[in-house]
1. Given the residues Ile247, Ile214, which is the only one that is modelled with pLDDT of 95 or more, within 27 Å of the chain's Cα centre (by Cα) and either within 12 Å of ligand 1 (Cβ to nearest atom) or not polar (S, T, N, Q) (or both)?
2. Are there any pairs, at least 6 apart or on different chains, whose C-beta atoms fall under 8 Å, with the first in segment 250-266 and on the phi < 0 side of the Ramachandran plot and in a loop (DSSP other than H, G, I, E, B) and the second charged (D, E, K, R) and within 8 Å of ligand 2 (Cβ to nearest atom), and if so, which?
3. Please go through segment 267-315 and pick out each residue that is over 20 Å from Ile214 (Cβ atoms), part of a helix (DSSP H, G or I), within 13 Å of ligand 1 (Cβ to nearest atom) and under 20 Å from the mean Cα position of the chain (by Cα).
4. For segment 466-497, enumerate the residues that are farther than 21 Å from Leu397 by Cα and assigned to a helix (DSSP H, G or I).
5. Counting just the residues of segment 252-266 that are surrounded by 17 or more Cβ atoms within 10 Å (Cβ to Cβ) and more than 22 Å from Arg131 (Cβ to Cβ), which one comes out farthest from ligand 1 (Cβ to nearest atom)?
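The values are calculated or read from the model by the stated rules, or taken from the named source; none is laboratory data. Since the structure is predicted, the reported quantities are computational estimates derived from the model, not experimental observations. Here Cβ is always computed from backbone atoms with ideal geometry, including for glycine, and neighbour counts include all displayed protein chains.
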Amino acid sequence: MAEKIRKGPLAQLGAMAREFVRRGPAETRPLGKFAVGSAKVAHLLESAATGVRAPLPGPQFHAIAQLKRPISASTVQAPEDLPAKAATRSWSSAVDSASEVVGSDQQSKRLVDPKELVGSELSFITDNLARLLESGHPMLNTVSQYYFSASGKHIRPLLVMLMAQATSIATKRQGRTSMLVDSDVDQIDYSLMDRSVSQNIHSDSESQRINQLIENATKNGHGGRPYAPHVKEGLTILPTHRRLAEITEMIHTSSLLHDDVIDHAETRRGLPAIQKTFGNRMAIFAGDFMLARASMALARLRDPEVIEIMASVLSDLVDGEFKQLKNLEDEGAPMAQPDESAFGYYLEKTYLKTGSLIAKSCRSSAILSNSTDDIVEAAYVYGRNLGIAFQLIDDLLDFTVSSAEFGKPVGADLKLGLATAPVLYAWQEHSQLGPLVARKFAGGGDVATAWDLVHASQGLQRTKQLARQYMERAIEALAILPASSARDALEQVTLSVLTRTK
Ligand code: FPP
Ligand code: MG
């Protein structure tokens, strides 16, 4: 039905007007201005009629398009003054040193403690996750909550909540699109997000029991006030944002439960890895169970666009893992030295395995705030660039920090046969790395040789410089959002990624 409407005259008018506006200079002429206005009207009508959100060329269209241009990773140079190893510990000192990197205008900004700004919303998360994962099986409860017992960084839920606050004061989309998204948040019955979508789920006693189990567990969650918006400094986190943050953490942790089995991990978050304690079968069951509960919670947000976006993260994660397994070896003849396409492959994998979840949960957070398209797109571009920077630093830390600091073994990527950015850059300087990469460091002494060549090259500094470029793009995307303490906090989280040590 929606498809039929989209192909009608309204949709054609919208598409034509958008194309017209996209040509850029038209915006400065009277006719161009008229076209911009018409495009916006057509777009609004089209979206309202079809429920489909087409990209709108607004004033931020060109800025966003600029931020989406690829970065030429293979030619990134190391600045002279950058130490290869970051020694910063706390987020505030990380912010100070990272601020020096991006310029003095950062100093004039108010320092906001991101965790303080979202307040109790983040501190309840471990407790809420336990409720969402209540299974009725003590063993399954223990295994699925095992990684939550360690102090995780909770960076993904933090970003979702800060993005909720930052977009709560941004421009709103016209027209109601789902039961739990509206301009008038006081009119929404948020308890729906803990009730089943389908009436038929009660049609047999087993389903009824499971449903009751979840309803009972979630009913009294969140300090006994589960369905109220959290308002601080005039910025709002809705109950739906909080649930999205929980879903994001469940998807992330589920992927780690699988990943640790695949990677034969020894430790995680300072604990023995899940499968070391409970075995492979339990680890996989717990990961699948967590994904199932995350999917149920996602459906109960009752927003088809958010469901689709977050579901696409799951296939991105698997796609990223496949690309990582395949690595460069199958890409035709062995390369003499890594070219831009080798870096492109690595960065695409990096987006899929790490960037996608961060980018799409930020996008979904903006959608749940009922934001306009340019705000939603800015949230996505922010998360995408931050996510890639985050993984680049992860790949760098694998060569620089101690296992005790990192909470997981270092040097793990080489042992797994992976050529990450530090290796690709080192390979540009030391061509003898080529055969080692091709055989995935499986020869005797390969791992040690590769490790030494990375440290003897500018690989670590150049990786950090590449991460810095993505970080700067993330900060530029934030400029599209209205100024607020949440936007400042997002900026600070972004800066601290560059100097993190765990
Ligand atoms: C950690 O990478 C792993 C990921 C970011 C994604 C793993 C994804 C899957 C296993 C696909 C299946 C997904 C789901 C949702 C079931 P890493 O090994 O580089 O990092 P690490 O050092 O923390 O282990
Ligand atoms: Mg791993």
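1. Ile247
2. Close Cβ pairs satisfying both conditions: Ala265/Asp259; Ala265/Lys408; Glu266/Lys408.
3. Passing the criteria: Ser312, Val313, Leu314, Ser315.
4. First pass over segment 466-497, keeping only residues farther than 21 Å from Leu397 by Cα: 473, 475-491.
Listed by number, the residues that qualify are Arg473, Ile475, Glu476, Ala477, Leu478, Ser485, Ala486, Arg487, Asp488, Ala489, Leu490, Glu491.
5. Only one residue tops the list, namely Val261.
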